[in-house]
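Undergrad: The structure follows.
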Amino acid sequence: MPQQVSEGHVFTFAIVADSHVTEEEATAVSGFDVDTIKLGAARSAYVVRELNRLAPDFVVHLGDITHPEPGTPAYEASAARFHTVYGDLECPLYLVAGNHDIGEKAFIGEHLPAQQARLTVNDDMIAEYERHFQAQYYSFEHQDCLFVVINGMIVNSGLASEEQQRQWLETLLDGNQGRRVFMFSHYPPYLSRADEPGHYDATDEPGRSWLLGLLERYRVEAFYAGHVHNFFFNRHGETNCYVLPSVSFLRHDYHEFFRVAPGMKQGRHDGAKLGYAVVQVQAAGHLNHIIRTHGRTHDGTDEPSGTVAHPLPLVHGLEPNPGRIGLDLRLPWCDYAHIPTPWGLDAFRRKRVRNDYPLLALWEMGIRNLRVPLDDLADTETRSRMAELAALGHCFTAFSYGLPKGAARQALIDHGHMLSVWEVIAPTTSAPELLAGIAALKGGTQVYFNAHRSDGKTFSSSHGLRADERGTVEALLALDNGKEAIDGMVFGIGWREAPLPALTAIQDSINGLGVRAAVHVQFAHGRPMDQDETERHDANRIAEAVVGALAYDHMAVFLDNFTGIDRGYFFSGGLVDRLYNPHAGAHIVRHLHAALPDGCQIGAIRENGNDRLIELNSPEGALLLPATDSSPVTPPSAPSRTEGRWRGRWIDLTSGNTAPERLVGPTLVIPE
């Protein structure tokens with residue numbers, strides 16, 4: 001998707017990882033995957049082209065620069081090819097040594113056979129790496145920030161250079177206390193928990209505790225690692241710890257995360273999980289954006305495959321913007337899986353790792369507000385994750401049916417302060433007997449009442465009052481303890497309802513009553529239409545709901561179709577697929593958040609048959625929603641592109657590109 005670096009930050013740098021460049025014929029690579037490895041240089045060339053367009057201040061490469069290891073016949077030729085590809089960068093490039101560049105990490109206390117020992121980091125490999133690339137550890141400064149590169153392979157190695165690096169690093173950090181520090185290593189300290197057992201994809205003890213102690217003591221702002229070819233995020237003390245995807249290929253042992261069969265090459269060609277990072281360093285803090293490359297390549301011609309014009313700014317879920325849409329996380333969103341990695345000693349133990357791809361999908365759409373069952377607060381691991389994310393700015397609404405019992409009740413008492421809202425679902429007829437208990441239990445947490453209706457079949461019990469039920473709101477607030485217990489009301493917008501007129505009616509239903517509104521926009525339905533028609537219908541509703549949330553920014557508007565439903569008794573499309581890769585809906589959400597960063601105001605709504613045009617004020621523009629039951633056309637209600645008022649950008653919200661003459665989906669018009 002098209003991207004550009006937004007304004008409002010101090011400077012920007014970029015990070016790539018695991019390029020695995022090999023010599024042109026990849027003769028040193030054996031096995032079924034040689035074709036994938038041979039793509040590495042062309043995929044890196046595409047990334048270099050994109051980075052030059054984005055113009056970061058500098059780039060850091062997190063290691064596994066080449067695929068062949070030092071001491072092999074192809075190492076020198078592969079290093080030369082890497083320099084050819086990355087020599088086209090128009091900014092400084094800083095390198096981190098990876099295990100393919102400098103040898104595998106040592107396994108403490110384990111006797112290694114001679115063949116394995118030759119592949120483990122040693123002085124000869126270090127010397128060869130430094131001859132072809134850069135120093136194994138070093139630091140540099142930029143804009144009063146300190147950037148520190150370490151060699152993660154020598155941690156726990158017993159080599160003389162391990163102690164030398166240790167003394168150098170401790171002295172460096174001690175002499176720069178109070179400065180903003182960013183650290184880079186090929187190996188992450190851990191993937192999911194600081195106390196997880198050692199494994200091939202993390203730093204082993206005792207080196208892990210030493211390294212984490214430095215992060216804590218010197219309040220390092222961010223720690224970046226590669227190696228795993230997948231995305232992970234942890235918050236350790238005050239340090240954001242990132243593991244970044246590869247630009248070359250996916251480590252497909254981690255496809256065990258997903259409840260769906262892997263694709264081509266056992267998931268290795270899941271191109272949506274390839275990418276690089278753009279880091280926007282702000283006056284306080286930073287935003288780490290993952291840019292998906294989808295495996296695009298560049299072969300030296302004028303334009304690399306997938307190049308787009310007129311990019312939109314980046315968005316992130318940790319940006320403070322109360323008007324952005326929220327999501328209902330019906331399925332587990334920080335689930336764990338046992339990963340069957342075949343290397344090192346991992347085959348002889350369990351390797352339990354958390355799936356962070358749901359978080360990545362939320363962040364890249366700019367999603368900050370999340371709705372979860374209260375059970376998540378009661379689950380120790382999920383609650384810990386919620387605490388991390390809430391501290392960073394995420395807002396959680398947790399719902400329960402009636403007054404919670406047992407562990408859920410105790411979790412609300414002990415940890416309710418982490419929540420933005422506790423949503424109580426109950427029939428309105430039960431409200432009189434519940435309100436006193438709600439008032440006693442709520443503490444300082446806001447409570448929204450969600451009216452459950454049991455008189456009809458529905459996929460979700462969370463869709464609340466109809467938009468025009470002001471009388472019901474007044475009646476609930478008039479009950480004993482009503483105003484003390486209820487801070488907001490939940491409304492629902494059915495699958496066949498247009499979101500914007502409903503939001504206007506909801507505003508009328510709460511005006512002057514002293515309560516706020518949460519709005520659930522429903523996508524699940526029991527009788528699927530034709531798939532193409534359903535997808536177009538949902539795309540229009542997603543766009544309309546996001547614009548509505550930006551316009552009515554005092555309401556919390558949630559979509560219920562994060563992952564979609566493709567099994568069971570109800571159905572819906574999702575913003576992402578079962579691999580948490582973006583569908584059209586995710587792109588629509590992200591592009592609207594990017595194009596309308598300051599929200600909008602709704603003007604007139606014009607309809608012509610099944611086509612709709614929603615005029616926008618502040619900024620001036622329009623949202624065009626073409627009919628869902630016809631082939632691509634220019635809607636009769638659409639303004640002329642040559643008309644003065646509408647001469648400007650016509651953005652196809654699915655692609656982010658200039659919309660074609662015959663509109664294929666929701667389109668945003670922003671006049672010049």
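Undergrad: Starting from the Cα of residue 131, step 7 Å along the direction of its Cβ; do the same at residue 405; then give the gap between the two resulting points in nm.
TA: 7.3 nm
Undergrad: Averaging the inverse of every distinct alpha carbon separation and then flipping it gives the Kirkwood radius. What is it for the range 80-218, in angstrom units?
TA: When all Cα pairs of the range 80-218 are included, the Kirkwood radius is 16.2 Å.
Undergrad: Whole Å is fine, so just give me how far the alpha carbon centre of the range 555-610 lies from that of the range 131-201.
TA: With the range 555-610 and the range 131-201 each reduced to a Cα centre, they are spaced 41 Å.
Undergrad: Then there's this: Angle check, please: helix 431-441 long axis (alpha carbons) against the longest principal axis of the chain (alpha carbons), in degrees 0 to 90, nearest 10.
TA: Relative to the chain, helix 431-441 is tipped by roughly 40 degrees.
Undergrad: Subtracting the Cα-Cα distance from 0.36 nm times the residue separation, let me have the gained length for residue 83 to residue 384 in nm, one decimal.
TA: Length difference between fully extended and current span is 104.0 nm.
Undergrad: Using the per-residue mean of other Cβ atoms lying within 10 Å as a proxy for protection, in what order, highest first, do the peptides 280-292, 495-507, 217-229 fall?
TA: Answer by packing, highest mean first, reads 217-229, 495-507, 280-292.
Undergrad: Quick check: the angle from helix 40-54's long axis to the longest principal axis of the chain, C-alpha only, nearest 10 degrees?
TA: 60 degrees
Undergrad: A follow-up question, please. Remind me, relative contact order of the range 339-429 in percent, using alpha carbon pairs under 8 angstrom and six or more residues apart?
TA: 25 percent
Undergrad: Would you mind putting 145-156, 364-375, 81-92, 570-581 in packing order, based on average other-beta-carbon counts within 10 Å, highest first?
TA: Highest mean packing first, the order is 145-156, 364-375, 570-581, 81-92.
Undergrad: By how many degrees, 0 to 90 and rounded to 10, does the Cα axis of helix 75-86 deviate from the longest principal axis of the chain?
TA: With rounding to tens, the tilt is 40 degrees.
Undergrad: Here's something else I'd like to know. Roughly how large, in nm² to one decimal, is the mean projection of the convex hull of the alpha-carbon atoms in the range 326-418?
TA: 7.6 nm²
Undergrad: Measure off, as a whole percent, the carbon and sulfur share of the 1.4 Å-probe accessible area of the chain, all protein chains present.
TA: 49 percent
Undergrad: Express the relative contact order of the chain as a whole percentage, based on alpha carbon pairs under 8 Å and six or more residues apart in sequence.
TA: Relative contact order comes out at 10 percent.
Undergrad: Work out how much length residue 171 to residue 598 would gain on full extension: take 0.36 nm times their residue separation and subtract the Cα-Cα distance, in nm to one decimal.
TA: So the extension gain works out to 149.2 nm.
Undergrad: Assuming 1.306 mPa s and 10 °C, estimate D for the range 193-326 with Stokes-Einstein, Rh taken as the Kirkwood radius over Cα pairs, in µm²/s.
TA: 90 µm²/s
Undergrad: Then there's this: For a Förster distance of 25 Å, can you work out the FRET efficiency between the beta-carbons of residue 238 and residue 445, rounded to the nearest 0.05?
TA: Efficiency, from the Cβ-Cβ distance: 0.45.
Undergrad: Now, a different point. Once you list every other residue whose beta carbon is under 11 Å from the beta carbon of residue 505, what net charge do they have if Lys and Arg are +1 and Asp and Glu are -1?
TA: Net of charged neighbours comes to -2.
Undergrad: Across 5 Å bins from 0, what is the distribution of all Cα-Cα pair distances for the range 358-406, in whole percents?
TA: In whole percents, the pair-distance histogram is 5, 18, 28, 25, 13, 7, 3, 0.
Undergrad: Stick to the Cα atoms of the chain, pair each with every other, and give me the Kirkwood hydrodynamic radius in Å at one decimal.
TA: 26.7 Å
Undergrad: Check the chain and count each lysine pair with an alpha-carbon distance under 16 angstrom, considering only pairs eight or more places apart or from different chains.
TA: Here the count comes out as 4.
Undergrad: Need the full-extension length gain, residue 261 to residue 282, defined as separation in residues times 0.36 nm minus the C-alpha distance. One decimal, nm.
TA: 3.5 nm
Undergrad: Could you work out how far apart the two model spin labels at residue 617 and residue 345 are, taking each label as a point 7 Å from the Cα in the direction of the beta carbon, and quote it in nm?
TA: Label-label distance for residue 617 and residue 345, simple model: 6.9 nm.
Undergrad: Return the whole-Å distance between the Cα centroid of the range 256-271 and the Cα centroid of the range 51-85.
TA: Computed from Cα coordinates, the inter-centre distance equals 26 Å.
The values are calculated or read from the model by the stated rules, or taken from the named source; none is laboratory data. The shown structure was predicted, so the numbers you read here are calculated from the model rather than taken from an experiment. Virtual Cβ from ideal backbone geometry, glycine too; neighbours counted across all protein chains shown. To get the accessible areas, we keep the full protein, side chains included, count just its heavy atoms, and leave off ligands, DNA and RNA. Shrake-Rupley method; radii C 1.70, N 1.55, O 1.52, S 1.80 Å.
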